[in-house]
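Here's the structure, in C-alpha cells; my notes come after.
Please treat every number below as a calculation from the coordinates, not as lab data. Just so you know, these numbers come straight off a predicted model, no measurement behind them. Positions of Cβ are backbone-derived with ideal geometry, glycine not excepted, and every protein chain shown enters the neighbour counts.
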Amino acid sequence: MIIKRRKRRTFGDSGASSDIAFLLIIYFMVIAGINVNKGFLLTLPARNSQRFVLKDELLRFNLVHDGRLVFHGELCSLAAAEQTIRRAVSEHPNTALLLTVDPRTPWQAVVEFVELAQDLEVDSFSFVMGEDSGEDS
C-alpha cells in the first residue's frame, strides 16, 4: 500500500503572512494613537538673535529650597503668581518670566511653575539654577 504524503506548504504560500501583516498594521495604528508625548515645548531664540526686554516687562520669581515661591522678596502662592502674571501680560504682551531655582528645590515645584507659564501662554520664559546658599531661611 502506498501512502501519499502531502507536500508541506511554506509560510509564504499559506496566506498566513498576509494575516500577520494585517494584524501588525492594526497593532501599530492602535499604538500610534496611544503613545502621545506630553511635554513642555520651549521655543528657543536663534543663537545670534538679540531680544531686548524692558524692565517693566520682566517678572522675576525665585523658588527657594522648600518649594516656596518668592516675588519681590516676599513669599507668594502659585495663585497669587498667576494673578500677577495675568495682570502683567494684559498690560505688556511681551512680558518675560525669569525663574531662579534653588538647587535643593523639589522638582515638582519647578514643574508647577513651568506649567503655569505654559497655561498663561507667556512668550518668553527662562529659568536658571541659583547658587546653593546652604541656609534654611
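Things worth noting here:
- Of the peptides 79-92, 19-32, 100-113, the ranking by mean beta-carbon count within 10 Å, highest at the top, reads 100-113, 79-92, 19-32.
- Taking amide H as placed 1.01 Å from N in the peptide plane, residue 68 has no amide H partner under 5 Å among residues 5 or more places away or on another chain.
- Close amide-amide hydrogen proximity is noted between residue 58 and 96, each under 5 Å apart and 5 or more residues distant or on a separate chain (H modeled in the peptide plane; Pro and chain starts excluded).
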